[in-house]
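Here's the structure, in structure tokens; my notes come after.
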Amino acid sequence: PQIPLLHRAMAMAPRPLSLYASPWTSPVWMKTSESFIGKGTLKGQAGDKYHQTWANYFVKFLDAYAEHNITFWALTAENEPSAGLINNYPFQCLGFTAEQQRDFIARDLGPALA
């Protein structure tokens, strides 16, 4: 449903839209908590199979939208990364400390997007 909606918005906009993407969480099998909600980070550490796979999800997302002539101006590594460090957080989240996020971007996400 998002793609037709974006096409309509793009057609109606007086100038090009600057879209950005920001994920809420990874699949649960990649998370230490194995749950969409509550405290949980990516399993392992930057550079491992979980982090590389999560980075590849970003690439697949961008490629899928590009097939429909939708490109993104920017993306974030995670929406509200500190939320995933809070016990019993009641919404979808994925925790990253500043250092974990830095390392994920440097070792996995950046190279995957290059």
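Throughout, read-outs are computed from the coordinates displayed, never taken from laboratory work. Everything quoted here is computed from the prediction, not taken from an experiment. We place every Cβ from the backbone using ideal geometry, glycine too, and count neighbours over all the protein chains shown.
With the simple model of a label 7 Å out from the Cα in the direction of the Cβ, Trp29 to Thr76 spans 2.8 nm. Normalised by the number of residues in the chain, the average gap of Cα pairs under 8 Å and 6 or more apart makes the relative contact order 34 percent. How large is log10 of I(q)/I(0) for segment 31-85 at q = 0.13, 0.21 Å⁻¹ when the intensity is taken from the Debye formula with one equal scatterer per alpha-carbon? Ignoring solvent entirely, the Cα scatterers give -0.42, -0.91.
Basic side chains Lys and Arg get +1 at the Cβ, acidic Asp and Glu get -1 at the Cβ, and with that the dipole of the chain about its Cα centre reaches some 140 debye. In plain terms, the bigger the Kirkwood radius, the slower the diffusion; for the chain, with that radius from Cα pairs, at 20 °C and 1.002 mPa s, Stokes-Einstein puts D at 143 µm²/s.
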